[in-house]
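The values are calculated or read from the model by the stated rules, or taken from the named source; none is laboratory data. Quick caveat: nothing in here was measured; it's all calculated off a predicted structure. Because the Cβ atoms are built from the backbone with ideal geometry, glycine has one as well, and the counts that use them run over all protein chains shown. Note: accessible area is taken over every heavy atom of the protein model, side chains too, but ligands, DNA and RNA are not part of it. Shrake-Rupley method; radii C 1.70, N 1.55, O 1.52, S 1.80 Å.
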Amino acid sequence: MAAGDPREDGEKEIMLNDRQQQLLEELIKRYPCLEAVRDSILAAYGILEECFSGGGKLLIAGNGGSCADAEHIVGELMKGFVKSRKLDAELKERLKAEDADHGAVLAEALQAGLPAIALNGHPGLSTAFANDVDADMVFAQQVCGYGAAGDVFLGISTSGNAKNVDYAVTVAKAKKMTVIGLAGKDGGRLGKRADVAVIVPENETFKIQELHLPVYHVLCLLLEERFFSS
């Protein structure tokens, strides 16, 4: 697979509904330069849609601004983004039956989520492993512990060459997970190793990060439309 291109062998067509297509077109209208990575965005969406449809989860890792992006993505997936994500009726009834005092309150307040974990958010584990073993392998250790076949690892690196993200990619692939890369410049190692890499057309770090945000926002919007449109 060429760096930054969607998978070619056995690739299935990604079908969007009218609202999803509108969301993607609005993205390109606001950021015309992202037309160059439209196909990769669609391929990344297809991977995530398949993952969540199959009961899998998303693991995300990055450094610095990309670390903040990882947390941002989790915030959009694990609760309502632009839609009201009411719990299904069966779970609501089980909550009410579990506790007469606050079950009904929980049933109305809680929101349905898509399971996603930012790997930078575990300071006890991270500092212990960094101190005892190797700081560069913290993300890899977490992928080793959390990851399973059918899950997705999203690595975010503006250069594509962050060593700790690269180590995590190795573990993810060994565990038969699918890897999505979000990068810039020439994509670096992440662009070459990911199953799909969205390599935004910028070279300076802050400009790359400015384009990463609308890319992952549209992915979250497409997923929310797919799973919570009702």
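Values as computed for the structure displayed
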read-out: Count of residues meeting criterion [in contact with a helix residue (DSSP H, G or I) (Cβ under 7 Å, 6 or more places away or on another chain) and either under 14 Å from ILE47 (Cα atoms) or basic (Lys, Arg) (or both)] in segment 196-217; value: 4
read-out: Index of the failed condition, CYS144 passing every other in (1) touching a helix residue (DSSP H, G or I) at 6+ places or on another chain (Cβ under 8 Å); (2) within 24 Å of LEU42 (Cα to Cα); (3) open to solvent by 60 Å² or more (accessible area, probe 1.4 Å); (4) of a type outside the set (D, E, K, R); value: (2)
read-out: Some residue of segment 166-187 being under 25 Å from PRO32 (Cβ atoms) and either open to solvent by 30 Å² or more (accessible area, probe 1.4 Å) or modelled with pLDDT under 95 (or both); value: yes
read-out: Sole residue being surrounded by fewer than 17 Cβ atoms within 10 Å (Cβ to Cβ), in contact (Cβ under 8 Å) with a residue 12 or more places away in the chain and out of contact with any strand residue (DSSP E or B) (no Cβ under 9 Å at 6 or more places or on another chain), chosen from VAL105, VAL133, VAL82; value: VAL82
read-out: Every pair of residues 6+ apart whose Cβ atoms lie under 7 Å, when the first sits in segment 194-222 and is over 23 Å from VAL152 (Cα atoms) while the second is basic (Lys, Arg) and at pLDDT 95 or above; value: ASN203/LYS185
read-out: Restricting segment 60-78 to residues that are assigned to a loop (DSSP other than H, G, I, E, B) and either open to solvent by less than 20 Å² (accessible area, probe 1.4 Å) or in contact (Cβ under 8 Å) with a residue 12 or more places away in the chain (or both), the residue that is farthest from ALA197 (Cα to Cα); value: MET78
read-out: Some residue of segment 159-177 being hydroxyl-bearing (Ser, Thr, Tyr), in a loop (DSSP other than H, G, I, E, B) and over 12 Å from ALA61 (Cα atoms); value: yes
